[in-house]
Amino acid sequence: MNGPGTDRSNVLLVGLARDSRARWAKADSLEELAFLTDTAGGNVVERLIQVREKPDPATLVGKGMVERLRQLCREHQVELVIFDEELSPTQQRNIEEGAGVRIIDRAALILDIFALHARSAEAKIQVELAQLDYRQSRLTGFGVEMSRLGGGIGTRGPGETQLEVDRRRIKQRIAALRKALGRIDRERATQRRRRAGLFRAVLVGYTNAGKSTLFNRLTAAAVKVSDQLFATLDPNTKVLDLDRHVRVALTDTVGFIRSLPHQLVASFRATLSEVREADLLLHVIDASDAHVDRHVDVVNDTIEEVGGKGRPVLMVFSKKDRVFDDAALDRLDRNYVQAVFVSGTSGEGIDQLKEAMLAMVEKQMVTRQFTLPASRTDLISLVCRAGRVLSDRTQEDRRRILVKGSRAALGRARKLVDEELGVRRAGS
Ligand SMILES: Nc1nc2c(ncn2[C@@H]2O[C@H](COP(=O)(O)OP(=O)(O)OP(=O)(O)O)[C@@H](O)[C@H]2O)c(=O)[nH]1
Ligand SMILES: [Mg+2]
């Protein structure tokens, strides 16, 4: 697909609805698909919804629709048709042959946007892994089909050999990428060790919800903000002082979307580990969006999928400045208990958000004592930054420090100190 700055290729969107009632939801889904297409650099010329009780196994939509696609594509010089539904490799091939135009599905489009937006080595590797995984599953599907048909005319010859070569190449590349990712993973683990004593808050939410805007507002960072889907792929972490004694490591990360290809979820495991290991999730929701409840469900499901279930959550409604209907805000306030309303752009509600975060941290405050060799200034400073130092006494070559801080951060500080000093605890 064409990148920004070049001529945008014409694209046609297609969706399938089970019955006329499902048509509305499908229209919404195509609206989002159009936004995705726009982000990927395509120009949507037409959207088509077919109402059909059962999908056609060969072409998903009916034969008549495939013929209509052929005509429309010729008429509007359309180079690509994007289906909102997942297409099997065979369906994709059949429609391509019937309509005489390139066909992709929603998952492939999202993969394309991720590839377009990947900047860091880590993001690039993760995206390529997801793409290879996607391609591999398609090749496998093809192979399975071939063997089910039992070979014969039309399945022999170099075609099959090429398939084997493709498979082997993909496997080799996947192995190399996994190795590279492992190295980056270890680097990240080292960085995280340095932040062991800090409370970890992570911004999560639907793509375009306003996470990066909020992150910049809270930490005075300059992360790229844009009215595109998946502008952020790389996690960014900055330290934020909630008050004189409570410091939080705040992370902004990749957004979620309905039907996020599972290959992406799998290959972004490293990036999403931030969600798994968070002490607090700030669930950011665009209050001005018409689909708040649906987006909340998608985000909750994705949090669960990446292993973040059970983490404490604070609901944060963003873009408050765009909601002019007070009744709408009241409804959200009633439906979502203990939610905070903010505007990342105007700064409204940011103080309340910080107070709410502080309250969440204070809920799990504990006091812990650390005894450290006076020579280990690295560990001493890590422990002292983990919270409020209540007392600090030196006895010979030891420092005895009493700190009040969050259970999570002090627990991690303890683990790190023990590892560094080679302490073996009973039961560990
Ligand atoms: N009016 C208004 N617009 C906002 C606010 N917060 C964010 N936006 C706009 O919403 C769009 C998305 O903002 P981002 O901060 O990039 O959203 P994100 O959640 O980080 O998005 P991704 O990284 O793409 O998942 C941008 O055009 C922002 O300018 C807000 O409080 N008020
Ligand atoms: Mg962002």
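The values are calculated or read from the model by the stated rules, or taken from the named source; none is laboratory data. Model, not experiment: these values are computed from the prediction. For neighbour counting, all protein chains shown are included, and Cβ atoms are generated from backbone atoms with ideal geometry for every residue, glycine included.
Out of the residues in the range 230-253 meeting the condition of being of a type in the set (S, T, N, Q) and near ligand 2 (Cβ under 10 Å from one of its atoms), tell me which one is farthest from GLN126 (Cα to Cα).
Initial filter on the range 230-253 (of a type in the set (S, T, N, Q)): 232, 236-237, 251, 253.
This time we only want the ones that are near ligand 2 (Cβ under 10 Å from one of its atoms), so: 232, 236, 253.
Values: THR232: 14, ASN236: 16, THR253: 14 Å.
Among them, the one singled out is ASN236.
Cβ-Cβ under 7 Å, sequence separation 6+ or interchain: first residue in the range 221-235 and in the same structural domain as VAL127 (by TED's automatic domain parsing) and closer than 15 Å to LEU111 by Cα, partner more than 10 Å from ligand 2 (Cβ to nearest atom) and of a type in the set (Gly, Ala, Ser). Which pairs?
Every condition considered, no pair remains.
Tell me, which residue of the range 312-327 that is within 15 Å of ligand 1 (Cβ to nearest atom) and in a helix (DSSP H, G or I) is surrounded by the most Cβ atoms within 10 Å (Cβ to Cβ)?
Going through the qualifying residues, I end up with LYS320.
Name every residue in the range 56-70 that is surrounded by fewer than 17 Cβ atoms within 10 Å (Cβ to Cβ) and in contact with a strand residue (DSSP E or B) (Cβ under 6 Å, 6 or more places away or on another chain), in order of residue number.
Of everything in the range 56-70, just one residue is surrounded by fewer than 17 Cβ atoms within 10 Å (Cβ to Cβ) and in contact with a strand residue (DSSP E or B) (Cβ under 6 Å, 6 or more places away or on another chain), namely GLY62.
Checking LEU30 against (1) under 26 Å from LEU139 (Cβ atoms); (2) of a type outside the set (Gly, Ala, Ser); (3) in a helix (DSSP H, G or I), only one condition comes out false. Which one?
Every listed condition holds for LEU30 apart from (1).
Quick one: is VAL342 outside the structural domain of LEU281 (by TED's automatic domain parsing) and either within 28 Å of the chain's Cα centre (by Cα) or not polar (S, T, N, Q) (or both)?
The answer is no for VAL342.
So is ILE380 buried (at least 17 other Cβ atoms within 10 Å of the Cβ) and either polar (S, T, N, Q) or free of Cβ contacts under 8 Å to residues at least 24 places away in the same chain (or both) or not? Don't jump to the end; show me each part of the working.
On the way: buried (at least 17 other Cβ atoms within 10 Å of the Cβ): yes; either polar (S, T, N, Q) or free of Cβ contacts under 8 Å to residues at least 24 places away in the same chain (or both): yes.
For ILE380, the condition - buried (at least 17 other Cβ atoms within 10 Å of the Cβ) and either polar (S, T, N, Q) or free of Cβ contacts under 8 Å to residues at least 24 places away in the same chain (or both) - is met.
So, in the range 277-311, how many residues would count as being assigned to a helix (DSSP H, G or I) and in contact with a helix residue (DSSP H, G or I) (Cβ under 9 Å, 6 or more places away or on another chain)?
From the range 277-311, those assigned to a helix (DSSP H, G or I) are 292-305; that's our starting set.
If we keep only those that are in contact with a helix residue (DSSP H, G or I) (Cβ under 9 Å, 6 or more places away or on another chain) as well, we get 292-294, 302-303, 305.
Total meeting the criteria: 6.
Touching a residue at least 40 places away in the same chain (Cβ under 8 Å), out of contact with any helix residue (DSSP H, G or I) (no Cβ under 6 Å at 6 or more places or on another chain) and over 28 Å from LEU111 (Cα atoms): is that true of ARG188 in this structure?
Against the criterion (touching a residue at least 40 places away in the same chain (Cβ under 8 Å), out of contact with any helix residue (DSSP H, G or I) (no Cβ under 6 Å at 6 or more places or on another chain) and over 28 Å from LEU111 (Cα atoms)), ARG188 does not qualify.
Looking for something at pLDDT 90 or above, under 28 Å from the mean Cα position of the chain (by Cα) and surrounded by fewer than 11 Cβ atoms within 10 Å (Cβ to Cβ) - is there at least one such residue anywhere in the range 152-175?
Yes, that holds for at least one residue.
Tell me which residues, restricted to the range 190-229, are in a strand (DSSP E or B) and either surrounded by fewer than 21 Cβ atoms within 10 Å (Cβ to Cβ) or more than 10 Å from ligand 2 (Cβ to nearest atom) (or both).
Listed by number, the residues that qualify are PHE199, ARG200, ALA201, VAL202, VAL204, TYR206.
Out of the range 40-69, which residues are in contact with a His (Cβ under 8 Å, 6 or more places away or on another chain) and of a type in the set (Val, Ile, Thr)?
If the condition is that a residue be in contact with a His (Cβ under 8 Å, 6 or more places away or on another chain) and of a type in the set (Val, Ile, Thr), then VAL45 is the only one that fits.
When you check ALA231 against the structure, is it within 13 Å of ligand 1 (Cβ to nearest atom), among the small types (Gly, Ala, Ser) and out of contact with any Ser or Thr (no Cβ under 6 Å at 6 or more places or on another chain), yes or no?
Here the answer is yes, as ALA231 does meet what is asked.
Can you name every residue in the range 255-279 that is away from ligand 1 (no atom under 12 Å from the Cβ), crowded, with 21+ Cβ neighbours inside 10 Å and of a type in the set (A, V, I, L, M)?
Those that are away from ligand 1 (no atom under 12 Å from the Cβ), crowded, with 21+ Cβ neighbours inside 10 Å and of a type in the set (A, V, I, L, M): LEU264, LEU272, VAL275, ALA278.
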